[in-house]
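Down below is the structure, laid out as structure tokens.
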Amino acid sequence: MPIEFTWYGHATWLLNTGNHKILIDPFFVDNPSTDVSPDDVDVDFICVSHGHGDHIADCAAIANRTGAPVISIFEITNWLTEKHGVQNCIGGNIGGTIKQDFGSVKLTNAIHSSQLPDGSYGGNPAGLLFELDGFKAYFACDTALFSDMSLIGEVGIDVAVLPIGDHFTMGIEDSVLATKLVNPKSVLPTHYNTWPPIAQDANGWAELIRKSTSAEPIVLEPGGTHQF
Ligand code: NI
Ligand code: MN
């Protein structure tokens, strides 16, 4: 069964496996790249990479409306329960694999920060490595380049989603190096063009990826989908 990726702009993604819909880093209301309302998003699971507002902003509203479990770092799921009444939470930590009906997601290293919107400690920021019935998707999430990405790639990655915005995360040049380390079949850019400091030429990025890696670059417009 194909797996459909939808990009809502910024770092918000929906994976639809056919059996489950997994929402990643829900940011809708204040996301200038989407008109989609968090009231209209249909999900079975929510994954949050770290505590920054551009990743967690609409998480509690969607979780409380749908009852979809939230998978994230322990400090973040605790905060969601204590401060926002989210009852259905699965907290883990870096290196841990969380198994659910859809398959599993491992919380991987990310080099970033993770303060929650009210100033609370959010633990360590994470990347997300999904295993979906044999299909492996790695979301680096907000991070700098790091050489251990090659270890993450050892499982054989079908699709990598890498930030290219620069300024708050790695930029285009480092995402090309990251693609070489992870060695995915396909790579999609994320966390760019939302605001002026992270404006990037995604087609130029795609040319670089084609020229210097063996991955196929796939550039979506906000709201766009791709099936694998
Ligand atoms: Ni961040
Ligand atoms: Mn961010």
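Remarks
- Projecting the Cα atoms of Thr77, Thr190, Ser175 onto the dipole axis of the chain, where Lys and Arg carry +1 and Asp and Glu carry -1 at the beta carbon, places Ser175 farthest toward the positive end.
- Expressed to the nearest 5 percent, the antiparallel share of DSSP beta bridges inside segment 28-133 is 60 percent.
- Dipole magnitude of segment 109-228 about its Cα centre (Cβ charges: Lys, Arg +1; Asp, Glu -1), debye to nearest 20: 200 debye
- Of all beta bridges that DSSP places with both ends in segment 131-228, some 25 percent have antiparallel geometry.
- Max mean-square fluctuation residue, GNM over the chain, Cα-Cα springs under 10 Å, options Gly123, Gly171, Gly103: Gly103
- Rounded to whole Å, sorted largest first: equivalent-ellipsoid semi-axes of the chain, Cα gyration tensor: 25, 18, 17
- Built amide H within the under 5 Å cut-off of Ile90, gap 5+: Val70, Ile71, Ser72
- Length added when fully stretched, His226-Asn19, from 0.36 nm per residue minus Cα-Cα: 72.8 nm
- Selection from Ile94, Pro125, Phe139 lying farthest towards where the dipole of segment 76-142 points positive, charges on Cβ: Ile94
- Fraction of antiparallel bridges per DSSP, the chain only, in percent to nearest 5: 60 percent
- Using θ = phi - 60° in the Karplus curve 6.51 cos²θ - 1.76 cosθ + 1.60, the 3J(HN,Hα) couplings for segment 85-97 round to x, 6, 8, 9, 10, 10, x, x, 8, 4, x, x, 9 Hz; x is entered for Gly and Pro.
- Dividing the convex hull volume of the alpha carbon atoms of segment 43-126 by its residue count gives 77 Å³ per residue.
- Look at where the Cα atoms of segment 81-113 and of segment 11-27 average out, and the two centres are 14 Å apart.
- Share of pairwise Cα separations in segment 1-93, more than 22 Å, in percent: 20 percent
- Exceeding the 22 Å Cα-Cα cut-off - candidates Lys99/Lys136; Lys106/Lys185; Lys83/Lys136; Lys185/Lys211; Lys136/Lys180; Lys106/Lys136: Lys83/Lys136
- Counted charge near Asn193, where neighbours are those whose Cβ lies closer than 12 Å (Asp, Glu -1; Lys, Arg +1): -3
- About the Cα centre, charge dipole magnitude for the chain (Lys/Arg +1, Asp/Glu -1 at Cβ), debye: 480 debye
We did not get these values from a lab; they are worked out from the coordinates using the rules stated. From a predicted model like this one, the values you see are computed outputs, not experimental measurements. Here Cβ is always computed from backbone atoms with ideal geometry, including for glycine, and neighbour counts include all displayed protein chains.
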